[in-house]
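Just so it is clear, none of the values below were taken in a lab; they were calculated from the coordinates. Keep in mind the model is a prediction, meaning the values are calculated, not measured. Counting neighbours? That spans all protein chains shown, and the Cβs are built from the backbone with ideal geometry, glycine included.
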Amino acid sequence: MSQKRDLELLYEVGCLRFLQRNWRQFLNADFSNETEHSFRVAWIAMILASYEKVKDVGKVVMMALVHDVGESRSGDVHYVSRQYTSRDEELAVEDIFSNTSLQKGMIELWKKYEKRETIEAKIVKDADNLDVEFELKEQESKGETLRKYWFDARQRVYKNLYTKSAKKMWQDIQKSSPHDWHFYARNRFTAGDWKKER
């Protein structure tokens, strides 16, 4: 391992913020980049891990952070491009972490994620899918109609979720609004000078 390779890894991870997810081809909208996606996947996974009573939440978060890192080299593919593209994400992940201080642990976590045999891997895959649901709801609130067209197809995603917690969260997302967090938070309307007198 070398400190030089660790620095190169950190620069490469920083470049993920410039890697746009291929959903943009369909939405032509301000859809999350790879870094933003992985960040929320980590938060969703932490919450699901707490619901599922997983003891090592740190492992879940690390797995969430590494789950798409291979796309730095292999690129992102969507449901159309998957019909025409073959990728070697395992080689990408091995090369990304080669000779870094994180080599053994992160490659091992990524491989466990890909196998989906552990509760941690299942939670992270659920979080990966749920992030798309959150994003589609956010886009819908901006007037994007793709969610309406994809709703039936996304039911298949719901059926393939691994955990009960993820299935419940998926159902709750359908009834939620991206604006609830600020409308119901402490603000001028709920606790400040604009609060309605009763």
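Key figures for this structure:
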item	result
Karplus 3J(HN,Hα) series, Hz, for the range 2-16 with 6.51 cos²θ - 1.76 cosθ + 1.60 (x for Gly, Pro)	9, 5, 4, 5, 4, 5, 4, 4, 5, 5, 5, 4, x, 6, 4
Of every Cα-Cα pair in the chain, the percent that sits beyond 27 Å	37
Paramagnetic label zone (point 7 Å from Cα along Cα-to-C-beta, Asn99; backbone N under 12 Å) in the range 1-39	1-9
Across Lys125/Lys159; Lys59/Lys137; Lys137/Lys159; Lys115/Lys167; Lys168/Lys195, pairs whose alpha-carbon gap is larger than 25 Å	Lys59/Lys137; Lys168/Lys195
Net charge dipole size for the chain [Lys, Arg +1 and Asp, Glu -1 on Cβ; Debye, nearest 20]	880
Qualifying chymotrypsin sites (Phe, Trp or Tyr not before Pro) in the range 152-198, DSSP loop, other Cβ atoms within 10 Å at most 15	Tyr184, Phe189, Trp194
Cβ-Cβ FRET estimate between Arg24 and Lys164, R0 fixed at 41 Å, reported to 0.05	0.80
GNM result for the chain, Cα springs below 10 Å: residue of His179, His37, His67 fluctuating most strongly	His179
Among Ala45, Ala166, Ala185, residue whose mean-square fluctuation peaks in a GNM of the chain (springs only between Cα atoms under 10 Å)	Ala185
Modelled FRET efficiency - R0 22 Å, Lys175 with Asp152, Cβ distances, 0.05 increments	0.80
Anisotropy class of the range 25-65 from Cα gyration tensor, a/c 1.5 cut	prolate
Loop-resident sites, the range 35-92, for chymotrypsin sites (Phe, Trp or Tyr not before Pro), counting at most 14 other Cβ within 10 Å (DSSP)	Tyr79, Tyr84
Selected from Arg82, Arg156, Arg186 as most flexible by GNM, with the chain as the system and alpha-carbon contacts under 10 Å	Arg186
The range 169-181 - phi-based ³J(HN,Hα) in whole Hz, Karplus 6.51/-1.76/1.60, Gly and Pro as x	4, 4, 5, 5, 4, 4, 9, 9, 10, x, 9, 4, 4
